[in-house]
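A short reminder: the numbers here are calculations on the coordinates, not readings from a lab. All values derive from a computational prediction rather than experimental measurement. Glycine also receives a Cβ, built like all others from the backbone with ideal geometry; neighbour counts cover every protein chain displayed.
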Amino acid sequence: MIALLMRDLRLALRAGGGFGLGLAFFLIVTVMVPLSVGPQPALLASIAPGVLWLGALLACLLSLDRLLALDWEDGSLDLLATAPLPLESVVSVKALAHWITTGLPLVLAAPVLGVLLNLPVSGFKWVVISLLLGTPALSVIGTFGAALTVGLKRGGLLMSLLVMPLYLPTLIFGAEVARRGAVGMEIQTPLLMLAGISAASIALLPFASAAVLRINLR
Amino acid sequence: MSLRITDLCIARGGIPVLEGLSFELAAGQALILRGPNGIGKTTLLRTVAGLQPPISGIVEGGEDLIAYAGHSDGIKPTLTVTENLSFWANVFGAGSIATALKAFDLETLQDRPAGALSAGQKRRLGLSRLLVTGRPIWILDEPTVSLDVKSVAMFADAVRAHLGQGGSALIATHIDLGLDSEVLEVGPYKAKPPAIEDFDGGFL
Amino acid sequence: MSIWEYANPKKFITTTERVLPVLWAAAAISIGVGLVWGFFFTGDDYRQGSTVKIIYLHVPSAMLAINIWVMMLATSLVWLVRRHHVSALAARAAAPIGMIMTLIALATGAIWGQPMWGTWWVWDPRLTSFLILFLFYLGYIALWEAIEDPDTAADLTSFLCLVGSVFALLSRYAVNFWNQGLHQGASIMRAEAVIGTDTEEKVSNIFFYPLMLCIVGFVLLFVALVFYRTGTEIRARRIKALMARERVEA
């Protein structure tokens with residue numbers, strides 16, 4: 001399992017691995033928001049938590065189509081399926097690698113971009129915490145979507161269509177934590193829900209992803 | 001430790017292609033599959049390797065003993081030859097990559113990114129993976145594609161050595177590897193379509 | 001005689017073909033009588049005037065929109081567990097009907113909401129969850145269309161339906177939390193609504209019987225459509241299989 005994780009991380013860091021693309025996308029989306037809605041600081045401050053969450057979500061989504069498709073194309077998935085590693089661990093490790101290379105950098109970049117969006121000081125902590133709790137769920141749910149569409153030639157658009165509705169609860173609770181935190185409201189319920197969604201997704205979805213992947217491999 | 005296939009029926013895209021297949025692969029034995037294109041050799045190999053379920057019949061004795069090599073080699077172009085190979089060695093937790101590199105004459109290429117290899121060299125790298133899996137039953141689908149004469153001999157030697165150590169191999173190939181092996185013509189096992197009026201759950 | 005006998009495609013088609021004319025007629029009569037009764041022979045609401053009468057389309061379509069997804073979940077599970085092709089095809093046949101029902105519910109809701117709330121659309125939890133349900137239908141149908149191999153498509157869409165159901169429920173809870181809205185609570189299945197003690201918020205009983213008739217009619221229409229469409233799907237599968245077989249034999 002560690003070997004697979006190290007390989008995926010190494011692949012992401014090598015040329016053409018796509019590391020940093022998600023981050024760059026996040027930056028561009030965030031920069032384009034003030035350009036499209038106007039520079040009023042009060043407006044930006046009120047929408048900043050939501051924009052950061054949406055930007056992070058889209059950046060995550062963007063990088064999903066490489067998650068399994070590359071291994072599918074070069075036959076690695078066939079070989080991994082016949083390896084001693086259960087497919088459930090394979091998809092979990094792949095989701096983890098995706099989170100480390102995409103989710104974690106987004107969490108770290110969010111406060112910096114928060115400055116650009118005039119995020120209130122009280123909001124920084126909660127934006128980071130909510131993203132830290134929510135992005136693992138995004139990676140795991142995304143892996144399920146990637147597994148569903150792995151056999152399709154141009155599955156990218158379809159995958160977005162499938163994954164976005166599944167992302168909604170995470171987005172709603174995550175952005176709610178950030179939004180409420182920024183204005184100093186009570187955040188316990190959405191925070192617990194967000195953590196619950198992440199924990200349950202990490203625990204259960206790999207089984208669905210592996211099952212779906214087996215169907216696609218046959 | 002022998003692989004036993006009993007009365008196997010397999011389908012591709014929902015259409016039965018081969019039926020009534022039975023054979024046994026004992027330790028130290030190699031079995032060559034022959035048959036025209038599209039007859040279902042790849043489907044058969046994937047079924048035996050456990051990648052897809054058969055329509056009916058039993059595949060037994062292969063659990064966690066099979067190393068499968070299909071049309072694509074699962075090679076990452078941005079990783080070097082050594083990195084590619086040691087990844088699989090780690091996943092399977094067996095075998096040293098040094099002997100595998102030696103067997104397929106990859107030692108001089110070991111620090112080269114796999115993307116810079118020629119098609120034949122890539123194939124050799126793909127086949128060398130079999131040696132680091134430490135698994136006794138090799139299931140190989142057209143292993144000699146894009147190999148030159150010298151490399152084919154290299155591959156045949158590797159198979160022979162593997163058989164000598166008590167391994168076995170099931171190979172779909174059209175060229176003569178010079179192995180002391182049995183040949184299974186799958187043509188006669190071509191599935192006969194069921195009566196056209198018999199319209200059940202399978203729609204056929 | 002077991003219910004699973006009808007899972008045989010041939011048996012399913014012959015049986016439904018016998019039942020279908022009755023179903024079509026019953027659906028047409030129920031909806032026709034229900035609508036005429038509702039539109040012309042019940043009084044206007046004292047508060048909402050005649051706009052309230054859109055309820056005869058709005059409530060049945062909304063109920064079906066949700067329940068069709070539940071039916072798809074059930075048939076998907078039957079396919080995954082028992083591998084009856086008819087079950088998977090029934091789910092496929094039901095999905096577009098469910099999507100249209102969701103659209104009807106959203107559209108009639110907007111038309112109703114405009115005079116009542118003064119706006120076509122609000123991000124009310126109920127409205128929002130229907131919009132989300134629409135997205136789930138969209139993804140489900142798109143996945144069916146995208147995959148070539150029918151059995152693979154059936155398996156993958158079943159898993160999507162399973163996982164999607166959980167996330168759809170979560171979304172429902174999430175939007176409830178996210179915004180408490182304008183829409184009244186569920187209208188029908190409350191005792192007060194039926195006996196008419198609470199005319200303030202719930203559906204009063206003069207609307208109840210024609211509405212019930214419309215709901216029954218919509219359900220019958222749905223059943224007829226699913227039978228009909230499943231039959232079509234079965235024939236399409238049969239044609240596909242025969243063509244593939246021809247290719248193999250050639």
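To one decimal place, what Kirkwood hydrodynamic radius in Å is obtained for the range C:16-66 from all pairs of distinct Cα atoms? For the range C:16-66, the Kirkwood estimate is 12.6 Å.
Cross-linked pairs B:LYS76/B:LYS190; B:LYS76/B:LYS102; A:LYS153/B:LYS102: Cα-Cα separations exceed 26 Å for B:LYS76/B:LYS190; A:LYS153/B:LYS102. Which residues among the range C:4-46 fall inside the zone where the amide N is under 15 Å from a point 7 Å beyond the Cα of C:VAL216, along Cα→Cβ? Of the residues in the range C:4-46, C:23-38 have backbone N under 15 Å from the label point off C:VAL216.
For B:LYS192, a cut-off of 28 angstrom between C-alpha atoms picks up these lysines, skipping any fewer than 8 places away in its own chain: B:LYS41, C:LYS10, C:LYS11, C:LYS240. For chain C, the longest principal axis of the Cα atoms and the long axis of helix C:205-249 meet at an angle of about 20 degrees. For chain C, the longest principal axis of the C-alpha atoms and the axis of helix C:125-146 are separated by about 10°.
Between C:ILE111 and C:VAL70, what's the calculated FRET efficiency when r is the beta-carbon distance and R0 is 25 Å? Round to 0.05. Computed FRET efficiency for C:ILE111 and C:VAL70 comes out at 0.45. Peptide C:156-168 shows a mean partner chain C-beta count of 5 within 10 Å per residue C-beta. When the range A:41-217 is described by a simple charge dipole with +1 on each Lys and Arg Cβ and -1 on each Asp and Glu Cβ, the residue from A:LEU116, A:LEU87, A:TRP99 located farthest towards its positive end is A:LEU116.
Where the alpha-carbon atoms of chain B are placed on the principal axes, they occupy 62, 34, 32 Å, in descending order. Which of the aspartates and glutamates could a cross-linker bridge to C:LYS53, judged by Cα under 13 Å and excluding same-chain residues fewer than eight apart? Hits, sequence-local ones excluded: C:ASP44, C:ASP45. What translational diffusion coefficient, in µm²/s and rounded to a whole number, does the Stokes-Einstein relation yield for the protein assembly as shown at 20 °C and a viscosity of 1.002 mPa s, taking the hydrodynamic radius as the Kirkwood radius over Cα pairs? Answer from the Stokes-Einstein relation: 75 µm²/s. On the beta carbon distance between A:MET32 and A:SER89, with R0 = 56 Å, the FRET formula returns roughly 0.90. Using the Karplus relation 6.51 cos²θ - 1.76 cosθ + 1.60 with θ = phi - 60°, the per-residue 3J(HN,Hα) values for the range B:27-34 come to 4, x, 10, 10, 10, 9, 8, 10 Hz, with x marking Gly and Pro.
For chain B, excluding the exposed loop sites themselves (GluC sites (Glu not before Pro), DSSP loop, at most 12 other Cβ atoms within 10 Å), the longest remaining stretch covers B:64-196. The residues neighbouring A:PHE124, those whose beta-carbon lies less than 15 Å from its own, together hold a net charge of +3 under the Lys/Arg +1, Asp/Glu -1 convention.
Across peptide A:183-194, the average count of Cβ atoms from other chains found within 10 Å of a residue's Cβ is 1. Estimated from helices alone, the mean residue ellipticity of chain B at 222 nm is -8500 deg cm²/dmol (sum of -39500 (n - 2.57) over DSSP H runs with n ≥ 4, per residue).
Among the chymotrypsin sites (Phe, Trp or Tyr not before Pro) in the range C:28-107, those placed in a DSSP loop whose Cβ has at most 13 other Cβ atoms within 10 Å are C:PHE41, C:TYR46. Listed by number, the DSSP H helices of chain A that run 18 Å or longer by alpha-carbon position along their axis and have mean Kyte hydropathy of at least -1.0 are A:21-37, A:41-62, A:104-116, A:121-148, A:156-182, A:188-217.
Residues in the range B:48-58 carry Karplus couplings, in order, of 5, 6, x, 7, 9, x, x, 5, 7, x, 10 Hz; the curve used is 6.51 cos²θ - 1.76 cosθ + 1.60 with θ = phi - 60°, and Gly or Pro positions show x. Of all DSSP-defined beta bridges confined to the protein assembly as shown, some 45% are antiparallel rather than parallel. Considering every alpha-carbon pair of chain C, the percent of pairs per 10 Å bin, from zero through the bin containing the longest distance, is 7, 26, 31, 22, 10, 3, 1, 0. Centroid-to-centroid, using Cα positions, the range A:1-30 and the range C:145-178 are 28 Å apart. Each Lys and Arg adds +1 at its Cβ and each Asp and Glu adds -1 at its Cβ; summed about the Cα centre, the range B:37-187 shows a dipole of about 380 debye. Other protein chain C-beta atoms within 10 Å of residue C-beta, averaged over C:95-102: 0. So for the protein assembly as shown, taking the charge dipole from beta-carbon charges (+1 Lys/Arg, -1 Asp/Glu), which of C:LEU131, B:LEU33, B:ALA69 sits furthest toward the positive end? In the protein assembly as shown, that residue is C:LEU131.
Pairs of alpha carbons in the range A:41-217 separated by more than 26 Å make up 31% of all such pairs.
Once divided by 2.2 N^0.38 Å, the Cα radius of gyration of the range B:1-113 becomes 1.29. Please determine, in degrees from 0 to 90 and to the nearest 10, the orientation of helix C:150-178 with respect to the longest principal axis defined by the Cα atoms of chain C, where the helix direction is its Cα long axis. Around 20 degrees separate the two axes. Loop by DSSP (not H, G, I, E, B), at most 16 other beta-carbon atoms within 10 Å: where is the longest site-free stretch of chain C for trypsin sites (Lys or Arg not before Pro)? My reading of the result: C:84-189 is the longest stretch. Can you give me the Cα centroid spacing of the range B:105-141 and the range A:135-213 in angstrom? The two parts, judged by their Cα centres, are 38 Å apart. In a DSSP loop and with at most 14 other Cβ atoms within 10 Å, the chymotrypsin sites (Phe, Trp or Tyr not before Pro) in the range C:113-163 are C:TRP120, C:TRP121, C:TRP123. Measuring r between the beta carbons of B:ASP64 and C:ARG82 and using R0 = 25 Å, the FRET efficiency lands at 0.25.
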